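Here the structure comes first, spelled out in structure tokens, and everything after it is commentary.
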Amino acid sequence: MKKGMVILLAGCLFLSACAPSFGEEEELVQETEDDSTEKAIIPKYNISDSYYKMILPFKEGKARGLVAENINTRLDIDEFETGLMRMAQEEFPPDNHLYQEGQYLDEKTIRSWLGRKLEGKDLEEKKSDKSFKNEGLNPPKSSEGDYIQQNEKSPIYLAHMLEHNYLVRKGENTVELGGVVIGLAMNSVHYYREAVGEPQREYKIPDSQLEAEGKKMAAEVIKRVRSQKGLEKVPVVIALYKQAPKSSIVPGSFIASTVVDGGSSSIGKWDSVDEEYVFFPSPEGTENYREDANLFERFKQDIDDFFPNYTGVIGKAFYKGEEMQELKIDIPMQFYGKSEVIAFTQFATGKVVDYFPDYVSVEVNISSTSGQEALIVRKPGQEKPTVHIYQ
């Protein structure tokens, strides 16, 4: 085999959820928020039916960059953004909707809404600023008790807001806004310092309090969204995301969502979202999902017994409705030669088939200090895993 070619052990490598869709590129007209029109393109390739096609040319969100500034970890950034697309799919199906980053709520607006509501002396100090709007959704600072009590009585609940736009066809060659999704990222932990240079303190916000505050903020957000030109009549999905602590090795999860019909400014029913990420091995994983934890431990033990030259096996599982949907496993190994990588990968592939049910999406990444060595992927219903050895 020529240098640079890959070794396929079980089928062809494929990283996305299913085969790509190869259609024709379409050129059409997009109606914008200011009632003007502009040319747009629907790309011919769609890497998965689970993802939305994104309209081109790509338009940056009006509040671009704030998510990295306000969210604790890269894990939460990724889950908040991609999970929000998952929250959208029932109301705005990917087969007839296109995705676009938020074009209505700009950075200035988002920053204003993320602030604290001002009262008393703090508000008086702002009266000379003609441009100031007292629109903070987070509660005012408490003046009761000492500094610690003040922070715990009035924590910062809302960390960030994210807007997604979903477009639909209007006629043969035109698209328009068909719906909006707003994500509210709520802090599970409030971090504060008594003074500059002092150790950071943490206040864990009770789940019930976090959810209640999020729903109260959502009721105000939908009223404000309806005042934005172009958003008066479109359906809006609002989803609450519980951000994980800074020290967490798994991301947080969505906890509730609601759909507001086009033209309505009030929220009716909320639906609970039963999702979470779990790390294996961990006490929490063993306590909450003992059977899955035992399977993972047996998988880990078999690799430990057969190949002692590795440094550990860790897994991150995604659960929905207490049922494992996805498992990503990382196996770092010491590299002694390509033949050992091939043998190691063959053995690990067999153990994936032996231990994990075929309705779970499994991804195994094998790496060394030199980088990625092998990838094993088995999608739900796939009889044989797809395996790739990196050259």
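Among the listed residues 299, 307, 344, which satisfies the condition of being surrounded by 14 or more Cβ atoms within 10 Å (Cβ to Cβ), more than 24 Å from residue 79 (Cβ to Cβ) and modelled with pLDDT under 90?
The match here is 307.
Taken as a whole, the structure leaves residue 316 outside the set of residues that are basic (Lys, Arg) and more than 28 Å from residue 157 (Cα to Cα).
Given the criterion at pLDDT 95 or above and within 29 Å of residue 274 (Cα to Cα), identify the matching residue among 382, 325. Spell out how you get there, then give the answer.
Details: 382 fails: at pLDDT 95 or above.
The conditions single out 325.
Take the residues in region 265-298 that are free of Cβ contacts under 8 Å to residues at least 24 places away in the same chain and part of a loop (DSSP other than H, G, I, E, B), then tell me which one is farthest from residue 231 (Cα to Cα). Here the answer is 282.
Residues considered: 177, 210. Of these, the only one that is part of a strand (DSSP E or B) and within 23 Å of the chain's Cα centre (by Cα) is 177. Residue 381 meets each of the listed conditions (1) in a strand (DSSP E or B); (2) farther than 17 Å from residue 281 by Cβ apart from (1). Does region 262-275 include one or more residues that are in contact with an Asp or Glu (Cβ under 9 Å, 6 or more places away or on another chain) and of a type in the set (D, E, K, R)? Yes, region 262-275 contains at least one residue that is in contact with an Asp or Glu (Cβ under 9 Å, 6 or more places away or on another chain) and of a type in the set (D, E, K, R).
Looking at the structure I just gave you, is residue 241 at pLDDT below 95 and either in a loop (DSSP other than H, G, I, E, B) or under 25 Å from the mean Cα position of the chain (by Cα) (or both)? Considered against the rule, which asks whether it is at pLDDT below 95 and either in a loop (DSSP other than H, G, I, E, B) or under 25 Å from the mean Cα position of the chain (by Cα) (or both), residue 241 comes out as no.
Looking at residue 108, is it over 21 Å from the mean Cα position of the chain (by Cα), within 28 Å of residue 72 (Cβ to Cβ), loosely packed, with under 13 Cβ neighbours inside 10 Å and at pLDDT 90 or above?
Values: over 21 Å from the mean Cα position of the chain (by Cα): yes; within 28 Å of residue 72 (Cβ to Cβ): yes; loosely packed, with under 13 Cβ neighbours inside 10 Å: yes; at pLDDT 90 or above: yes.
Answer is yes for this residue.
The residue list 133, 121, 127, 141 contains one member that is out of contact with any strand residue (DSSP E or B) (no Cβ under 9 Å at 6 or more places or on another chain), at pLDDT below 90, part of a loop (DSSP other than H, G, I, E, B) and within 28 Å of residue 209 (Cα to Cα), which is 133.
Taking region 356-369, which residues are among the hydroxyl-bearing types (Ser, Thr, Tyr) and at pLDDT 95 or above? Show your work before the answer.
So in region 356-369, the residues among the hydroxyl-bearing types (Ser, Thr, Tyr) come out as 359, 361, 367-369.
Result: 361, single match.
Each residue in region 144-157 was checked for being touching a Ser or Thr at 6+ places or on another chain (Cβ under 9 Å), in contact (Cβ under 8 Å) with a residue 12 or more places away in the chain and not in a loop (DSSP other than H, G, I, E, B), and 2 of them qualify. Here the condition is being under 26 Å from residue 224 (Cα atoms) and surrounded by 16 or more Cβ atoms within 10 Å (Cβ to Cβ); of 134, 151, 187, it holds for 187 alone.
Scanning region 69-102 for residues that are under 16 Å from the mean Cα position of the chain (by Cα) and acidic (Asp, Glu) gives 69, 76, 78, 79, 81, 101.
Have a look at 238, 249, 255 and point out the one that is surrounded by 17 or more Cβ atoms within 10 Å (Cβ to Cβ), under 24 Å from residue 284 (Cβ atoms) and touching a residue at least 12 places away in the same chain (Cβ under 8 Å). Full working, then the answer.
Numbers: 238 fails: under 24 Å from residue 284 (Cβ atoms); 249 fails: surrounded by 17 or more Cβ atoms within 10 Å (Cβ to Cβ).
The unique qualifying residue is 255.
Please determine, by comparing only the residues of region 197-223 that are at pLDDT 95 or above and among the small types (Gly, Ala, Ser), which one is farthest from residue 242 (Cα to Cα). In this case the residue turns out to be 219.
The values are calculated or read from the model by the stated rules, or taken from the named source; none is laboratory data. If you're wondering where the values come from, they're calculated on a predicted model, not measured in any experiment. No Cβ is skipped: glycine too gets one built from the backbone with ideal geometry, and neighbour counts run over all protein chains shown.
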